[in-house]
Amino acid sequence: MQSPVNFTINTALRNYLLKEFEKYCDPHSSDILEIGIGTGRFGNLFGKEFHSYYGIDIDVEAVAEARKNIPKNVNIIYKIGNAENIPFRKKFTIVFYAQSWHFIKNRDKALQEAQRVLKKKGLIFILEPTEKSNWLHPHLQKNSPEFDTLLYEQKMDNLKRGKEAIEHQQLFEVIFREYKKTLSKNIFILGKL
């Protein structure tokens, strides 16, 4: 069972993201692909709001756990895969990088793959943590005795490089960018040129 704090954060994040999705499409008639599902948090948060919810992750154990957590009567399909080689031929209304963009090694290849699986007027949503995020891992918490300066600096560098890659890529137009202070998240929405 999640703590009241996590429940509040998850509810606020779900409501914010759904509001943003609804600005660009009708989720109930849309298919979404989540890149980096972890244990299925976002599929559980708003998978039932979409016509179909697909997701991939490179972590075999995380995908197995996510599959166990799929709510009943929700059209969710999870597979093992990565952003640079998406294991679906299906076309999606939305490709959603759920706090996973900064982990991707070859972002140009990831965007080419996203372009391949997006519908004609499809969109990319990128949700990323910021340096002000409330990190769960004690190695990233500055007030933790387990804080790891090198690991933290690597994380910040990956976030910076990920943001720069979004700004400098040439396959998509950045149609929306926002730093959401209440969620400590950066949000980017990209559309096909």
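For the chain, a simple Cβ point-charge model (Lys and Arg +1, Asp and Glu -1, everything else neutral) yields a dipole of about 600 debye relative to the Cα centre. Here the contact order of segment 4-192, divided by its residue count and restricted to Cα pairs under 8 Å and six or more residues apart, works out to 17 percent. For the residue pairs Lys79/Lys132; Lys105/Lys155; Lys48/Lys192, the alpha carbons lie more than 22 Å apart in Lys79/Lys132; Lys48/Lys192. Pull out a ≥ b ≥ c, the square roots of the eigenvalues of the alpha-carbon gyration tensor of segment 1-141, then state rounded if a/c is under 1.5, prolate if not and a/b is larger than b/c, and oblate in the remaining case. Since a/c stays below 1.5, the shape of segment 1-141 is classed as rounded.
Cβ crowding within 10 Å ranks Glu84, Glu22 as Glu22, Glu84, fewest other Cβ atoms first.
A dipole drawn for the chain from +1 and -1 charges on Cβ atoms has a positive end, and of Leu159, Ala64, Phe96 the residue lying farthest that way is Phe96.
Placing unit charges on C-beta atoms (Lys and Arg positive, Asp and Glu negative, everything else neutral), compute the dipole magnitude of segment 36-101 about its Cα centre in debye, rounded to 20.
340
Neighbours of Val74 by Cβ distance under 15 Å: Lys/Arg scored +1, Asp/Glu scored -1, total +3.
A short reminder: the numbers here are calculations on the coordinates, not readings from a lab. Here the structure is a predicted model, which is why all the values come from computation and not from measurement. Cβ atoms come from the backbone with ideal geometry, glycine included; neighbour counts cover every protein chain shown.
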